[in-house]
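Everything on this sheet refers to the single structure shown next.
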Amino acid sequence: MKRLYLIGGPMGVGKTTVCRRLLGDLPHCVFLDGDWCWFADPFVVTEETRAMVMDNIVHTLRNFLGCTAYEHIVFAWVMHEQAIIEAILRGLDTRDCEVFCVSLTASAKTLRARLQADVARGLRTADVIERSLLRLPLYANLQTVKINTDGKTVSQIAGEIRSLGERPAARP
């Protein structure tokens, strides 16, 4: 049976790093990042571009779910609203698939420090800090498994996600 991991969290919480670790840990795994479907210059947010990106994400996930070469599909994106998760799942046939919806979180202090370090290294622009901190509380309301990343290694976080496969999956 296939397993789909939807990994959400605010910018800078460690989604990409954890998902890359899962890619190496899980057999027959593919890692997809929702940002790849919206990596544009200029970055334009309209109803049209939102719909296009969601269609691209669902299409790509659907193709990987249908591909016999992959058992684990790991998807990361800033999914801060339940409606985003539901829209993705609505577009997929998950009858023969376990779905794990996870939100990575951190304290505001930890998230700010991580983002400031990214800004200092030139990986992000400073405006991302406040935008990410504003979204952080929204994750508490989602129908997801919450994993606080404060003080944990990437291996520990990935291990917590892998362990979800050892118990029945919860669907939103």
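The values are calculated or read from the model by the stated rules, or taken from the named source; none is laboratory data. The model shown is predicted, which means the values in this text are computed figures rather than measured ones. Every residue, glycine among them, receives a Cβ derived from its backbone with ideal geometry; neighbour counts consider all protein chains shown.
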Qualifying positions in the range 64-87 - in a helix (DSSP H, G or I), of a type outside the set (D, E, K, R) and over 12 Å from the mean Cα position of the chain (by Cα): Phe64, Leu65, Gly66, Gln82, Ala83, Ala87
Index of the failed condition, Asp41 passing every other in (1) within 21 Å of Gly14 (Cα to Cα); (2) among the charged types (D, E, K, R); (3) modelled with pLDDT under 95; (4) out of contact with any Phe, Trp or Tyr (no Cβ under 9 Å at 6 or more places or on another chain): (1)
Hits in the range 13-41 (condition: assigned to a helix (DSSP H, G or I) and touching a Cys at 6+ places or on another chain (Cβ under 7 Å)): Leu22, Leu23
Pick from the range 1-12, criterion among the aliphatic types (A, V, I, L, M) and assigned to a loop (DSSP other than H, G, I, E, B), ranking: surrounded by the fewest Cβ atoms within 10 Å (Cβ to Cβ): Met1
Some residue of the range 21-28 being within 17 Å of the chain's Cα centre (by Cα), of a type in the set (A, V, I, L, M) and closer than 27 Å to Pro137 by Cβ: yes
Index of the failed condition, Trp38 passing every other in (1) under 20 Å from Ile129 (Cα atoms); (2) surrounded by 17 or more Cβ atoms within 10 Å (Cβ to Cβ); (3) in contact (Cβ under 8 Å) with a residue 60 or more places away in the chain; (4) touching a helix residue (DSSP H, G or I) at 6+ places or on another chain (Cβ under 8 Å): (3)
Residue list for the range 42-63, restricted to those being assigned to a helix (DSSP H, G or I) and of a type in the set (Val, Ile, Thr): Thr49, Val53, Ile57, Val58, Thr60
Flag for Ala51 being surrounded by fewer than 14 Cβ atoms within 10 Å (Cβ to Cβ) and either at pLDDT below 95 or over 19 Å from Leu26 (Cα atoms) (or both): yes
